[in-house]
Structure formats: C-alpha cells, structure tokens
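Rule-based calculations on the coordinates, nothing more; no lab input. As the structure is a computational prediction, the values presented were derived from the model and not from experiment. Note: ideal-geometry Cβ built from the backbone for every residue, glycine included; neighbour counts use all protein chains shown.
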Amino acid sequence: MRVIGIDPGTGILGFGVIDFQPRKKPVVLDVGVVATPAHTPLKTRLLDIYDSLNEIIDTHHPDVMSIEKLFFARNITTAISVAEARGVVILVAAQHDMPVYEYTPLQIKQTLTGFGRAEKKQVQEMVRLQLGMKEIVKPDDAADALAAAITHDLMSRGGVAPEKDLQL
C-alpha cells in the first residue's frame with residue numbers, strides 16, 4: 001500500500017509518500033513541503049497547493065491519503081485558511097478517486113509513541129526509527145506528514161479500523 005500523508009497548511013503544507021509492503025521496511029518515496037509565500041493572495045496560494053499536490057500524486061500514484069485533522073484552540077483566522085487548504089487537498093484526492101482517512105493529532109501521537117500527549121520531538125524520533133532514517137526529517141511539517149502516513153499504515157494493519165473514508 002502506498003500512502004501519502006498530509007499535514008495541512010496554507011503557508012507550509014507537509015507531505016510524505018511512503019510505500020508499505022508486508023514484511024519489508026517502509027520506503028519513503030518523497031517527502032517535503034509545499035511552501036507558499038506570505039502576503040500572496042489566498043487564491044494564488046491555494047492554486048499552488050492544488051498544482052503541487054496534483055504533481056506529487058501523478059508522480060507517485062498513492063493508493064490512500066492520510067491527513068491530520070485540524071485542531072485549533074485560539075486563532076480562528078489561521079484555522080479558516082488552513083481549513084481552506086485542507087479542502088483543496090481533499091478535492092485533489094477526490095479527483096484522483098483516492099480514499100482519504102483523517103487522524104487527530106492525539107491519535108497520531110498515541111499510535112507512534114504510545115502516549116497521546118507526546119512532545120513533537122518524541123513523534124519525530126519515532127518517525128525516524130519507523131522509517132530507518134539517519135536523521136529526523138525537517139521541517140516539522142514534513143515529519144508530521146510522514147507521521148500521518150505511518151499512522152494510517154499501523155492502524156489499518158493492526159486491526160484497528162481507521163476512521164471511515166471521508167464522504168464528500
């Protein structure tokens with residue numbers, strides 16, 4: 001199963017594509033961020049995310065998308081723009097007829113570290129270990145996207161039913 005993990009954002013959107021095969025080490029096919037310049041009109045930023053994500057999916061042909069659910073307690077303005085970017089991501093998945101599964105930050109932390117309130121560094125270290133990497137992936141958004149992809153693989157393999165494919 002090939003999974004694309006997404007850490008949604010308008011300024012920086014993290015992505016990671018991992019190939020998971022039974023009884024084999026996972027293979028990271030691509031990891032990085034789509035960064036859109038500050039003070040660029042929102043419609044331009046969303047179009048850049050749309051185009052970039054389409055290119056990544058056309059290159060790697062993932063089977064499934066795993067995306068981090070949004071959780072914002074304070075800044076509603078940031079929450080709205082990130083939600084708009086998330087909408088673009090889900091649209092791209094729908095256009096590619098790709099199932100989308102979403103996981104809360106707590107689910108991702110719990111799955112990777114065994115502790116739902118784990119620190120970001122702990123999650124990053126577990127991503128590094130799970131993927132057999134020499135160094136922690138930077139920036140954080142890219143590492144978070146890989147964590148979302150790993151979470152989907154572990155949840156689906158471990159007999160824990162992942163959240164239902166988003167019904168659009």
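Farthest towards the positive end of the charge dipole of the chain, among the residues P99, Q110, Q21, is the Cα of Q110, using unit charges on the Cβ of Lys, Arg, Asp and Glu. The trypsin sites (Lys or Arg not before Pro) of region 58-99 that meet both conditions, a loop assignment by DSSP and at most 10 other Cβ atoms within 10 Å of the site Cβ, are R74.
Between region 1-33 and region 60-91, the alpha-carbon centres lie 15 Å apart. Here the contact order of region 2-157, divided by its residue count and restricted to Cα pairs under 8 Å and six or more residues apart, works out to 33 percent. Listed by Cβ neighbour count within 10 Å, with the fewest neighbours leading, M133, M126 appear as M133, M126.
Quick one: dipole size for region 47-95, taken about the Cα centre, charges +1 on Lys/Arg Cβ and -1 on Asp/Glu Cβ, in debye to the nearest 20. Walk me through the numbers on the way to the answer.
Working: 3 positive and 7 negative charges, 77 e Å.
So the magnitude is around 380 debye.
Across region 124-134, rounded Karplus estimates of 3J(HN,Hα) from the backbone phi angles (6.51 cos²θ - 1.76 cosθ + 1.60, θ = phi - 60°) give 4, 5, 5, 4, 4, 5, 4, 9, x, 8, 6 Hz, Gly and Pro being marked x.
Under 5 Å between amide hydrogens, built in the peptide plane, is the criterion, and for I67 it picks out I6, Y101, E102, Y103 among residues at least 5 positions away or on other chains.
Cross-link pairs exceeding 19 Å in C-alpha to C-alpha distance, out of K25/K134; K24/K69; K24/K121, comprise K24/K69; K24/K121. Its DSSP H runs of at least 4 residues, each contributing -39,500 (n - 2.57), put the calculated 222 nm mean residue ellipticity of the chain at -15500 deg cm²/dmol, to the nearest 500.
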